[in-house]
Ligand SMILES: N[C@@H](CCC(=O)N[C@@H](CS)C(=O)NCC(=O)O)C(=O)O
């Protein structure tokens, strides 16, 4: 997997923490938000929202939105679990 990420981005932190907790292999591709790299034409073509994080799966599927990415990772790699099974507890988290 490839993670488009910026070191100071809290939403990228979430995804990095999840990937590392679950011991998943990924390559980090830095996007310097301060330098405006998210607005480069090539990056905007990848992610029209022009932000990070973006997780690109090995089959080329592109996922955006950190919370959706966390839910995806929890489903495909359930251990260690990020979210509890109980829907109320999960919603509170
Ligand atoms: N709802 C999105 C928000 C992502 C977001 O806000 N990313 C920020 C960095 S934390 C960003 O890329 N900002 C683009 C910019 O500053 O131009 C998520 O949770 O993934």
>> With the requirement that a residue be in a helix (DSSP H, G or I), more than 6 Å from the ligand (Cβ to nearest atom) and crowded, with 16+ Cβ neighbours inside 10 Å, what does the range 1-15 give you?
In response: 12, 14, 15
>> Every residue in the range 43-58 that is more than 8 Å from the ligand (Cβ to nearest atom), part of a loop (DSSP other than H, G, I, E, B) and modelled with pLDDT of 95 or more, please.
In response: 57, 58
> Given the conditions (1) more than 16 Å from the ligand (Cβ to nearest atom); (2) modelled with pLDDT of 95 or more, and given that residue 85 satisfies all but one, which numbered condition is not satisfied?
Replying inline: (2)
>> Every residue in the range 16-42 that is part of a loop (DSSP other than H, G, I, E, B), closer than 16 Å to residue 56 by Cβ and either within 12 Å of the ligand (Cβ to nearest atom) or touching a strand residue (DSSP E or B) at 6+ places or on another chain (Cβ under 7 Å) (or both), please.
In response: 26, 31
>> Suppose we keep only residues that are out of contact with any helix residue (DSSP H, G or I) (no Cβ under 8 Å at 6 or more places or on another chain) and in a loop (DSSP other than H, G, I, E, B) within the range 59-82. Which one would you say is farthest from the ligand (Cβ to nearest atom)?
In response: 79
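One line per residue, one yes/no per condition, for (1) surrounded by fewer than 12 Cβ atoms within 10 Å (Cβ to Cβ); (2) within 21 Å of residue 6 (Cα to Cα):
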position: 50; (1), (2): no, yes
position: 54; (1), (2): no, yes
position: 58; (1), (2): yes, yes
position: 62; (1), (2): no, yes
position: 69; (1), (2): no, yes
position: 73; (1), (2): no, yes
position: 78; (1), (2): yes, no
position: 82; (1), (2): no, no
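The values are calculated or read from the model by the stated rules, or taken from the named source; none is laboratory data. Worth saying up front: this structure is predicted, and the values here are computed from it rather than measured. When we count neighbours, we look across all protein chains shown, and the Cβ atoms used for this are built from the backbone with ideal geometry, even at glycine.
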